[in-house]
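Here's the structure we're looking at; comments come further down.
The values are calculated or read from the model by the stated rules, or taken from the named source; none is laboratory data. Values in this document were obtained by computation on a predicted structure and should not be read as measured data. With ideal geometry, Cβ positions are generated from the backbone for all residues, glycine too; neighbour counts draw on all protein chains shown. Quick note on the areas: whole protein, heavy atoms, side chains included, nothing else; ligands and nucleic acids left out. Shrake-Rupley method; radii C 1.70, N 1.55, O 1.52, S 1.80 Å.
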Amino acid sequence: MNIMDFNVKKLAADAGTFLSRAVQFTEEKLGQAEKTELDAHLENLLSKAECTKIWTEKIMKQTEVLLQPNPNARIEEFVYEKLDRKAPSRINNPELLGQYMIDAGTEFGPGTAYGNALIKCGETQKRIGTADRELIHTSALNFLTPLRNFIEGDYKTIAKERKLLQNKRLDLDAAKTRLKKAKAAETRASQLNSARLEGDNIMVNFSYMLNLLHVKWLKIWAEEVTKSEQELRITQSEFDRQAEITRLLLEGISSTHAHHLRCLNDFVEAQMTYYAQCYQYMLDLQKQLGSFPSNYHSNNNQTSVAPIPSASSNVIGSSALTSTSSLVITSPSNLTDLKECSGSRKARVLYDYDAANSTELSLLADEVITVFSVVGMDSDWLMGERGNQKGRVPITYLELLN
């Protein structure tokens, strides 16, 4: 019974506090009550925290879209995460494309040029798919997780303390309003008592009764003023304490920014590693495809524009876009001439080429080098010479000069 009685009293007190806050909030909105303003430093911290929360959510959501464009897959991963279960592994797009290419190449025949090229492309696409998985895993661990921890952890704590500060401010302003009303009522009671004293000589008994009641009334209002002043001191102390707690939490936003900066660096490094791997895979693939001369010719036996070998090649200018003559590679007869010539010949480099090892020579587009054949060398390569530098160069990157 005592516990129930206590719960009822607590419920009544909470209801009274809630009603008091609601009245104060409504009067503030209507301009009928004064509002305690927070200091400028605290307001700036609150604004900074809110801005951080908004942009962190946007960056986090867009990063998830970047890493996983499929919305259904994102929803599935979200559900498994909330259920604290590991999402089933599924094949990604590069891996699926790679598998189709390998299957097609096997069907056409690994011994044919097209079938062999499809298999090599499929293997490269699978490696790119593996690199894509590693990028998603690393980015989720080092970038998305810290951002999500801030939104779901640190900022929720800040929002909770901020709401508590708002309630303490409403309590403080309600106490100020009650004290102001108590003092005004006390003043009116004193004035009324003075006015009643003038009628003492008319009805002594009646006046005595009125004075007795009014003394009690004044005593009540004096007690109400004292109570309101005490309540004001308590609410002011609680408000100041909560403001300090909120300020300390908000000042941690600077540390959050520093932590997110480190996470951003990790994300950039993960992307850099991913794109570097993809570039190297495609560069190796293009070197392998260079051994198939038919890939560089159209069906009508006319020369065609050759693919740019590397991401570091020079950007094609406007003149190159309007005329493909500068990109026409060596014809088959010239390739034969280069291999069959016993002496050295001059050749123009068609594309940039990065040497894979110390036996090869790096090339720059449009430079002229000396080339010659060496007995026993692979049919797709010549020995190139530039000054005192010498090394193997791929035939498909050269154009013989007369």
Using only the Cα atoms of region 345-400, what do you get for the radius of gyration and for Dmax, in Å?
-> 9.9, 28
For the residue pair N402 and T36, what label-to-label distance in nm results when each label sits 7 Å from Cα along the Cα-to-beta-carbon direction?
-> 9.6
Taking R0 as 35 Å, what's the FRET efficiency between R85 and V268 from their Cβ-Cβ distance, rounded to 0.05?
-> 0.70
Carbon and sulfur atoms: what percent of the 1.4 Å accessible area of region 345-400 do they account for?
-> 50
For region 341-384 versus region 160-178, the gap between their alpha-carbon centres in whole angstrom = 81
Rounded percent of accessible protein surface that carbon and sulfur make up, region 53-95, 1.4 Å probe = 57
Reach of K183 by Cα under 16 Å, taken over aspartates and glutamates that are not fewer than 8 positions away in the same chain = D173, E223, E224, E229, E231
Of the listed pairs K53/K86; K29/K181; K287/K390, those with alpha carbons more than 21 Å apart are K53/K86
Determine the per residue accessible area of region 345-400 with all protein chains present and a 1.4 angstrom probe, expressed in square angstrom.
-> 47
Sorted by packing (mean other beta-carbon atoms within 10 Å per residue), highest first, where do 67-74, 390-397, 281-288 land?
-> 390-397, 281-288, 67-74
Potential extension, E76-S358 segment - 0.36 nm per residue separation minus Cα distance = 96.6 nm
